[in-house]
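Down below is the structure, laid out as structure tokens.
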Amino acid sequence: MADDTRKKTTTKAVATVTLTIDGKSITVPKGTTVLEAALQNGIHIPTFCWHPKLKSVGACRMCYVEIEKMAKLQVSCATEAVEGMVVHTDSDNVKQGRRAIIEFILLNHPLDCPTCDKGGECDLQNLTFEHGYDDSRFDFRKSRFVDEGSTSTFDDVRIGPEIVLNRNRCILCYKCVRANKEAFGEYDLGAYERGNITQINSAPGEKVDNPFSGNLVEICPVGALTNSDWRYKIRVWLTKTTPSLCNFTSSGTNTLFYKEDHQNKIFRTTSRRNDDIDDGWLPDVTRYGYQIVNSPDRLRVPLIKKEGKQVEATWDEALDLIHKHFTEISDKMGSVCIGGLASPSLDNKSLYAFSKFFRTVLNSNNVDFRSDYRMLPPDAETVFSRLCSRPFKIADIDDSDVVFVFGSDLLREHPNEYLRMRKACNFNNARVFVVNPYATKAADIAALEAVYKVGSDEQAINGICLAAIDDNLVSGPKAKALAEKLSPLTLPETSKACGITVDDLRILARALAESRKISFMCGEIVTRSKERETITTAVSNLNLLFGLENKGQVASLARYANSGGACKLGVQPSPAPAVKDKLKEIWGGYPECEPHNTDSMLALMKKEEVAGFFVIGANPIMLHPDRQFVREGLEKLDFLVACDLFESETTEIADVVLPLCSWAEYDGEYVNLEGRSQRAERAVKPMFESRPGCEIIKLITAKYEKSLGEDEQLTSEIQQLLDLDSALPLPTEFMAVKVVVEDKQDEGFEIPLFVTDDPHHCGHLTEKSPSLTSFADDAYLEIGPDLAERLKLKEGDNVRVESPVGKVIVPARISEHIENDVVLIPRNFSSTPITSLLMRKKRIDRVTLSKVDS
Amino acid sequence: MFYSPVITNGSEAAASDKLHLFKYVEDSEQYKLMTFESHGGYKAWKKVLTEMQPQQVIDEVKNSGLRGRGGAGFPTGMKWGFVPKDSSKPRYLCCNADESEPGTCKDRVLMERDPHGVIEGMAIGAYAIGCHTMFIYIRGEFNHCIDRMEQAVEEAYAKGHLGKNIHGSGYDLDMIVHTGGGAYICGEETALLNSLEGERGMSRIRPPFPAIEGLYACPTIVNNVESLAAVPHIINRGAEWYRTLGTEKSAGTKLFSLSGHVKRPGNYEVELGFSLKKLLYDPAYGGGILGDKKLKGVIPGGASTPFLTPEMIDVNLDYESLTAVGSMLGSGAVIVFDEDTCIVWVIQKLIQFFKHESCGKCTPCREGTGWLKQIIDRIEAGGGQPGDIEKIEEICGNILGRTICPLGDAAVMPIQSSIRLWREEWQYHIEHGKCMVKTEFPFK
Amino acid sequence: MKEVLKAVVNVFLKMPLGFMVTIKYFFRKPVTLDYPHKKRPMAPRYRGRHYLERYDDGTERCVCCGLCAAACPADAIYMEPEENEKGERRARIYEINLLRCIFCGFCEEACPEEAIFLGHEYEFSDYERSSFLWTKEQMLVQHPRKDNPFKRIYRRVRKAYGAPDKIS
């Protein structure tokens, strides 16, 4: 399946060269190395230090080939293919060269394969078998790195929460250090000492805990870097692999599960390289997120509330109860009084069945999948939803010459796109511009990182437009039309309002005007904002002014594994018109009642106008940016059904709790942020009594003595919807941007708070993964050094964070890259209810900070 | 101020019309700008700025036949010509003053005693390739050179030889003095560039060559101190004059650092094509072997070049003649061993150096030098085993020509040549566990 | 008379002759043993029950590498590794199903740590099938080791690495 997606799409004709490798005539694009040419044509050349996504360094010297008319053996990874070259990869000379290299590498390699977890999938083992001598001529004591004071006979050093290093095994291919630097932009791992005592180690006093550190283990050709996740768990030859996807990030990163059938357990996740999506890099949240599947804390059986207490029940009892209560409610108050909230991480079939159940069985339009947005717009055809529906290609970031990130901390929200952006910058000399209310970790590659005043998002964009008009960077009529709409705003005023200097605005405008291919990405600062409509209107003006869509892509990136699918399948109160029409056609009808989104449903619950609620996979109490509001709403309900993997704040107050399957336990299809539908296969049998979402919905439907249709029927209906082009065009005319002055703030609360994801976590489930919690296991306050100094806070100090509606106490963590006065708190930990600080009606939540004396 | 007591033939050079590099080397004030200018300094620089186009400078140097004095002997003018003319990227010139080849100490004398000569040469080179920022990468241990060089750069800026709009020509040139961390590998041009960028000093794979993609991925020229120091003289006196020096293919003069068992170790400037025998035995130069012993062997071009035996020293010191007898001119460090030197001991010292200085990037050099050192240490300690020589030869064969940079070749070439020339001595050492010759050294 | 004589000859001469072999064995040591009161010593390379060895200081030799399980043609070995308090790899579970085991000795040959070997004991009868699932604790002994020529290369590797090998 992955193979056809891996094919590179060549857009323009490129010059080619023809060379002969082992008597085979091969034509490759100019600039290809001999090694790549050989590999593309099925000729095997062994390597250690070469990686398809990193620059060649020629360190291991394993890829020797003999090239006619060249005296010495050449390293194929760094030799460019030239017209008429004649290459031999299998001559005696080459074989001798490789054998010598293997011998050199094995000189100081400990051969502790029995205790090494790489045994069985080790490049060095395999290549020694293939090319090496059967005996060693080295008769000295092997060099060994021993830590002082260690009594262990194993020379392992833990260099990060997850990563264990054994320097003896290291063959110094430098792949880890290079990947860390070139691909991830992290510097926590390096090479120290020199010559044959060179060692790879973490930077002094630092831990290797970057959000991509798991990749270092995966690309290590020997067992020098291993992780706790896989360490001493099982031998690789006892496992089987299942292709799957990441269920946490929205890119749909391709993964491979290593599982063991008898234990019904997944042992690790590795990448399944797909150049269109992930380039073979996995963020740690993807790599270690699978551990939630094996967690012993999973909900085991259905629970029903009896006399205020949740007790265990059979599936049948629970389903009967749901049917009984839902029928009661709809009989009494009408079916409009039942609402549903699905998780955007569920597969297509579950989401579609959910929506179909509500719309055809309950005859209600109250379905939604967005649980963490404040003040959702009611209408489907807002500029915002238009922006969200625009097509986007991850691979197109690579060859963009300008990558523009607006209102997003890409590393936290979209780690894959973050890596693509780095790649575009490091390998293709793209210029990166980040416009965000706080400085992010992309600062080191950014040509310009403009930090605007919190809450002046639309002004920042207006400022760029005005700077372009001021500099005559755009055609006259356009400039005039927009200037009219934006009047009476002027450049200096706007610059002052948004806090970006006029010079910086001019630089940004020039970059947008001059770019030939652009990738413009909006993130959560825009989508979660209460004023998202205003901001996206400004973005739409910007798009029109510079014609961005004509020379690239402009999109607001979806946030969850199947947000894209949820939109396309119409799991929202007002689907896009095309989707709505299609659904009407398929179902032969469509409920006419008024649609309510999560926000308005919760408001109606408070008024007791919504009495029944069905939550599947979501945890609104934890993620919705107003904890009090959600809790009050849900507690007023007559009947709440919650399906989830784990006990959560929402399942705690539910009347019926159903154990849900994770994505690894059933076959499912997911639509990533590009709109690409991909399949994750079932790796293990459902844990305990849990069931997939689709099956749960079907069982409930069966209680109504109705049917949603057979599996094949659902699949074909879903396919019809996915095939539909539901993208809405961005506005083609300039619109006035209503500049929103921030609402009056409560006295004394001044520091803006952003509630985001920890770089190692996503949503409410990942805190059940032991590996991910070893990076971060509780909420913390991320604060810039300046602000910390003013407040006399030190790393690790407990801080009382207070907002008008709540307070929490969290330890401080000082982040060097944050320069202005904002604070960040991750929302992924149920032990610290961060959302209780937030109010949904505020554009910006502000807090006060005070140190807690212990 | 500290004046390093190095024997030179400065007085001879001062009297000679041909020797130019060491002309004022014995003048203790030469490092000062005033003295330097009074000796005709910066004349060439002004001439270049006012009268010559960059291409003319390149042509002049090309015609002079000046070849790189760092070791490889690549024609300097041709190297400058490789810089792409149409590239929009900035260009850099980097002077390689990381002189760490064992036995070589010529650049040090130039930088200590005639720093402005180096700056002038660099400035002309920079002008030729159109570079506006030039670097000099000085070996970290050369504290004195660093002080002198920094002082000289300051003076040159103050006098307007460097900086903005130099001498009203509209040409800007900045110079940065960078000190290394004391790693032999950083004398290799790509490792030097890595180190200059702040990376680990490890050589890069070529192509791309630095002239196309060097420092900060921009076209960069890396030249040795001595090559650049010769440039002002070429400009002043013309390529034709320079061609009259030396031999036909190896034009000009060369500094030789004579060390080891000779009576007068020191730096000598001679025309290329000078007789090695004369350099060793002439009283004006080496003055003969220490203690009037017999000569055992000579390394003619720094520790990384193959040995010459007494029968071979009737050779002229130029690139072609030395290649013909199976060695290399290298950096011009002539190391002399008398008859009482055990060749295994010499090799042990050399391999210890190369093992210590191997950067650890590519496998053959990293592991191979370590292994060789262990075997040779064992032989030297008297624990040699039959078959060790064959093993050493095979390991050398596996390193030679298979590494990224020439350090691997440098490490094994003296070993290979010593086994070729003195095999019976190696054999004796292995069989008897002791040296064949009596080893008493005046230095240890 | 002749018959009588013949009979006498038959009885006293020919019959003993015919019983010669029997009579000879009558005076020899018996080939059978008084089993189970007496037991026959086994051939030195006989493969009986499995032992897991310890080092002299009592730590287990087995590092749970899984090679014995991989080599086992009867799939009789099951193991799960763990990290001990020193960060070393050790077996958490090591089980041999003696009902499946065919006593081929492949596990012994595969073992790079010389941790498992097959001893001379051969009596395995029991009343329950479950009691044939031998655990690590049942098999761990400190036992004089066999000198297996296959193991010399492993010993050299360990020596070159400087790993503690308390048994020379």
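FYI, it's all coordinate maths here, none of it is from the lab. Values in this document were obtained by computation on a predicted structure and should not be read as measured data. Positions of Cβ are generated from backbone atoms using ideal geometry, with glycine treated the same way; all protein chains shown enter the neighbour counts.
Tabulated values for the structure
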{"quantity": "Normalised contact order of the stretch A:139-294, rounded percent, pairs of Cα under 8 Å and 6 or more residues apart", "calculated": "18"}
{"quantity": "Nonlocal amide H pairs with A:V405, under 5 Å, H built at 1.01 Å", "calculated": "A:F433, A:V434, A:V435, A:M521"}
{"quantity": "Aspartates and glutamates whose Cα lies under 15 Å from that of A:K478, excluding same-chain neighbours fewer than 8 positions away", "calculated": "A:D470, A:E733"}
{"quantity": "For C:W134, B:W426, B:W371, order by how many other beta-carbon atoms lie within 10 Å, fewest first", "calculated": "C:W134, B:W426, B:W371"}
{"quantity": "Cross-link reach list, lysines versus C:K14, counting only Cα pairs under 26 Å and skipping chain neighbours closer than eight places", "calculated": "C:K2, C:K6, C:K24, C:K29"}
{"quantity": "DSSP-loop trypsin sites (Lys or Arg not before Pro) across the stretch A:275-308, with at most 14 other Cβ within 10 angstrom", "calculated": "A:R300"}
{"quantity": "In degrees, nearest ten, helix B:423-432 long axis to first principal axis of chain B (Cα)", "calculated": "50"}
{"quantity": "Under-28-angstrom lysine pairs by C-alpha in the stretch A:537-662, whenever the two are 8 or more apart or on separate chains", "calculated": "6"}
{"quantity": "Relative contact order of chain A, defined on C-alpha pairs under 8 angstrom at six or more residues apart (%)", "calculated": "13"}
{"quantity": "Prolate/oblate/rounded label for the stretch A:751-851 (Cα gyration tensor, a/c 1.5)", "calculated": "oblate"}
{"quantity": "Alpha-carbon centroid distance for the pair the stretch B:204-246 / the stretch C:40-109, whole angstrom", "calculated": "68"}
{"quantity": "Solution diffusion estimate, µm²/s, Stokes-Einstein, chain A, Kirkwood Rh from C-alpha pairs, 10 °C, viscosity 1.306 mPa s", "calculated": "55"}
{"quantity": "Nearest 10 degrees, 0 to 90: helix B:363-380 Cα axis against chain B principal axis", "calculated": "40"}
{"quantity": "Point-charge dipole on Cβ atoms (K/R +1, D/E -1) for the protein assembly as shown, about Cα centre, debye to 20", "calculated": "3720"}
{"quantity": "Under 21 Å from the Cα of A:K768 - lysines, other chains or at least 8 residues apart", "calculated": "A:K233, A:K259, A:K265, A:K685"}
{"quantity": "Computed [θ] at 222 nm, helices only, for the protein assembly as shown once each DSSP H run of length n ≥ 4 contributes -39500 (n - 2.57)", "calculated": "-9500 deg cm²/dmol"}
{"quantity": "The protein assembly as shown: C-alpha gyration tensor shape, a/c 1.5 cut-off, then a/b vs b/c", "calculated": "oblate"}
{"quantity": "Assigned charges on the beta-carbon of Lys, Arg, Asp, Glu; the stretch A:139-294 dipole about Cα centre (debye)", "calculated": "540"}
{"quantity": "C-alpha long axis of helix A:415-428 to longest principal axis of chain A, angle in °", "calculated": "50"}
{"quantity": "Order of C:V21, A:V641 under a 10 Å beta carbon neighbour criterion, fewest first", "calculated": "C:V21, A:V641"}
{"quantity": "Rounded to whole Hz, the Karplus (6.51, -1.76, 1.60) HN-Hα couplings of the stretch B:282-288, x for glycine and proline", "calculated": "5, x, 6, 10, x, x, x"}
{"quantity": "Taking the stretch A:2-106 and dividing mean pair separation by its residue count, relative contact order in percent (alpha carbons under 8 Å, at least six apart)", "calculated": "29"}
{"quantity": "Among the listed pairs A:K181/A:K517; A:K738/A:K851; A:K53/A:K441, those beyond 30 Å (Cα-Cα)", "calculated": "A:K738/A:K851"}
{"quantity": "Filter on B:K43/B:K164; B:K18/B:K164; A:K69/B:K254; A:K349/A:K841; B:K47/B:K164 - keep pairs with C-alpha separation over 26 Å", "calculated": "B:K18/B:K164; A:K69/B:K254; A:K349/A:K841"}
{"quantity": "Global form of the stretch A:393-556, assessed from the alpha-carbon gyration tensor, a/c cut-off 1.5", "calculated": "prolate"}
{"quantity": "Karplus 3J(HN,Hα) series, Hz, for the stretch A:712-722 with 6.51 cos²θ - 1.76 cosθ + 1.60 (x for Gly, Pro)", "calculated": "5, 5, 4, 4, 6, 5, 4, 4, 4, 5, 5"}
